[in-house]
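The values are calculated or read from the model by the stated rules, or taken from the named source; none is laboratory data. This structure is a prediction, so every number in the text was calculated from the model and none was measured. Positions of Cβ are backbone-derived with ideal geometry, glycine not excepted, and every protein chain shown enters the neighbour counts.
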Amino acid sequence: MSSPTQLPAWQALAQHQKDMSETKIADLFQADASRAESFKATAAGWSLDYSKNRASDDTMKLLLELVEQAGMSNAIQGMFNGDHINNTENRSVLHIALRASKAQDTLMVDGVNVLDEVRSTLSQMESFVAQLHSGEWRGYTDKQITDVVSIGIGGSYLGPKVVAEALTPYKKDGIKVHFIANIDGSDITEKLKLLDAETTVFIVSSKSFGTLETLYNANAARAWCIEQGVPDADIKKHFAAVSSNVKKAVDFGMAEENIFPMWDWVGGRYSLWSAIGLPVAVAVGMDNFYELLDGAHAMDEHFKNTPFEQNLPVIMGALGVWYSNFHNAQTHALIPYDHYLRAMPAHIQQLDMESNGKANLLNGAGVETDTGPIIWGGAGTNGQHAYHQLLHQGTRLVPVDFIAPLKTHNPVADHHAQLFANCLSQSQALMVGKTLEQAEQELRQAGASEADVAAIAPHKVIPGNRPSNTLLTEQLTPFTTGSLIALYEHRTFVQGTIWGINSFDQWGVELGKVLGTDIYNRLVSDSDNSALDASTQALIAAFKDAQA
Ligand code: F6P
């Protein structure tokens, strides 16, 4: 695929953006009484209101033409067929297979029915979860397991952690689930303080079983078990692994029957639906894990089968490109008004930025456009007392996705109405802003002198016309959590497809790993560092001095 800038719709959008530059979102509402209704789409338990965007009917028409011209239909088909759309690694991209409907029997990839492997792994997970919860799985002193600790990083950590947190109201009693990711010894040290080796099982999650942080933490966990009295021969009662590299896991000391498979057609950041999601299944039970998969599957079906003008991932992806490439927006904020989704922006950040932080087209040529924006965010209302100031009055355009359930799991007085009101008022304030005249009038009404009105009013002006989407669901459940995350997975793919990049490799992370090993070797030896830049030499020296 060549650069999207060559597509007729891209060029038309560039002109259209200039034509629209004086149009305000509020004007679009004035001009069209049915806008709220027509700029709305629903899927898999979620309703998207995208009416508060700098987008007219013509904008949406052109954006959807761009989507077509970028080859979206073929791209979607290619993914669902198991084509090797991850071209730099010559791999299929099949997280959708992990949540395929039970009614589907086959999905042949390179001569293998991947659904057989998926189903047998789900059975293996069922049995593991049942053994833990029933007390059949015992530690080396024959005590029942009370704590499961997931050790992994990146995609083998963040997705499961965020989902386990999102599904807190669905947690089963009996077993607490913990996560360790960072190679910083403080992470594991603090977690181990909470644990008793006799009643703890570690799940080492690593697709490659070669990731430095995970191997270090797994080794530290095993050393701790031994130190706590677990005999070598009983280590297998306290460890399980999820990996596509069974040999490396066995070499580590895992019992083969405790190793859950992974496949090269699942990218790390798309893997929470596989056995990498085992900590989630332990926390909420297999029934809820299946609901999570069903929710994601419902979004897959919507993405695959729904016309683009009603297709949530397509609409959101196209609007994202509109802001990134035609309004020069550098970032995109996700603001869930739900405590349980507070860490979701971090997962979507990893998903999107590792997927679309790319500078080459599929054919290897350099891109001519900006690609993935910086994804960030956090829970409302907390952010209102922190970074929302910049959203309202800063110089940068930040499109926002507001995400909120209509019902709470925890009714406390009228907290939920206040929470929801704040969510709506933020999108409203971003859109309408405040004019100088309004600010002056406000100050006069408050009794300010004319001198103060002149001095202060400009500081109170809020430009408005700042775009947002609002995603609503009845309640945050395993199903709607699954469909929400799948929505963002597909949105990421839509944008990658428009930009003509491969959203499924991650070569950029490799250099830092190689240099990290080199510097580590210098920190722990008396190497000659004189060939390094002066800054790195001094920083190495500072570390060595501190250890002396
Ligand atoms: O370094 C990036 C990365 O490869 C991610 O893509 C991946 O999710 C993470 O590291 C962990 O990898 P693994 O599951 O192989 O330990």
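Among residues of the range 202-213 that are more than 18 Å from G277 (Cβ to Cβ), none has a Cβ under 6 angstrom from a residue that is crowded, with 24+ Cβ neighbours inside 10 Å and not basic (K, R) at a sequence gap of 6+ or on a separate chain.
Give the residue, chosen from K358, K407, that is surrounded by fewer than 17 Cβ atoms within 10 Å (Cβ to Cβ) and in contact (Cβ under 8 Å) with a residue 24 or more places away in the chain. I'd like the intermediate steps shown before the answer.
Working: K358 fails: surrounded by fewer than 17 Cβ atoms within 10 Å (Cβ to Cβ).
The unique qualifying residue is K407.
Counting the residues of the range 33-46 that are part of a strand (DSSP E or B) and touching a helix residue (DSSP H, G or I) at 6+ places or on another chain (Cβ under 9 Å) gives 4. Of all residues in the range 140-164, none that is farther than 22 Å from A249 by Cα and aromatic (F, W, Y) has its Cβ atom under 8 Å from the Cβ atom of a residue that is within 13 Å of the ligand (Cβ to nearest atom) and assigned to a loop (DSSP other than H, G, I, E, B), 6 or more apart or on another chain. Residue count for the range 50-90 satisfying the condition of being of a type in the set (F, W, Y) and outside the structural domain of T470 (by TED's automatic domain parsing): 1. Considering the range 133-158 alone, what residues qualify as being surrounded by fewer than 24 Cβ atoms within 10 Å (Cβ to Cβ) and of a type in the set (S, T, N, Q)? Within the range 133-158, S134, T141, Q144, T146 meet the criteria. The numbered conditions (1) outside the structural domain of A43 (by TED's automatic domain parsing); (2) touching a residue at least 40 places away in the same chain (Cβ under 8 Å); (3) hydroxyl-bearing (S, T, Y) are all true for T497 except (1).
Going by the structure shown, is N422 in the same structural domain as S324 (by TED's automatic domain parsing), part of a helix (DSSP H, G or I) and surrounded by fewer than 18 Cβ atoms within 10 Å (Cβ to Cβ)? Taking the combined requirement at face value, the residue satisfies it.
Would you please name the residue that is nearest to the ligand (Cβ to nearest atom), looking only at residues in the range 347-372 that are touching a strand residue (DSSP E or B) at 6+ places or on another chain (Cβ under 7 Å) and in a loop (DSSP other than H, G, I, E, B)?
Residues of the range 347-372 that are touching a strand residue (DSSP E or B) at 6+ places or on another chain (Cβ under 7 Å), as a first pass: 348-349, 352-353, 359-360, 366-367.
Narrowing the set further to residues that are in a loop (DSSP other than H, G, I, E, B) leaves 359, 367.
Details: A359: 17, V367: 21 Å.
Among residues in the range 347-372 that are touching a strand residue (DSSP E or B) at 6+ places or on another chain (Cβ under 7 Å) and in a loop (DSSP other than H, G, I, E, B), the one nearest to the ligand (Cβ to nearest atom) is A359.
The helices (runs of 4 or more DSSP H) falling completely within the range 49-166 that include 2 or more residues that are within 16 Å of the ligand (Cβ to nearest atom) and not hydrophobic (A, V, I, L, M, F, W, C) map to 158-166.
Got at least one residue in the range 430-438 being without any contact (Cβ under 8 Å) to a residue 24 or more places away in the chain, assigned to a helix (DSSP H, G or I) and either touching a Pro at 6+ places or on another chain (Cβ under 8 Å) or not basic (K, R) (or both)?
Keep residues of the range 430-438 that are without any contact (Cβ under 8 Å) to a residue 24 or more places away in the chain, which gives 437-438.
Next cut, assigned to a helix (DSSP H, G or I) only: 437-438.
Okay, now just the ones that are also either touching a Pro at 6+ places or on another chain (Cβ under 8 Å) or not basic (K, R) (or both), so 437-438.
Yes; the residues of the range 430-438 include at least one that is without any contact (Cβ under 8 Å) to a residue 24 or more places away in the chain, assigned to a helix (DSSP H, G or I) and either touching a Pro at 6+ places or on another chain (Cβ under 8 Å) or not basic (K, R) (or both).
For Y323, are the conditions met, namely being of a type in the set (S, T, Y), under 27 Å from T477 (Cβ atoms) and surrounded by fewer than 24 Cβ atoms within 10 Å (Cβ to Cβ)? Judged against the criteria, Y323 is not a match.
Can you name the residue in the range 167-185 that is touching a Phe, Trp or Tyr at 6+ places or on another chain (Cβ under 8 Å) and within 18 Å of A220 (Cα to Cα) and is also nearest to the ligand (Cβ to nearest atom) among such residues? The selected residue is A181. Filtering the range 425-455 to residues that are of a type in the set (A, V, I, L, M) and crowded, with 16+ Cβ neighbours inside 10 Å leaves A429, L430, M431, V432, A439, L443, A448, V453.
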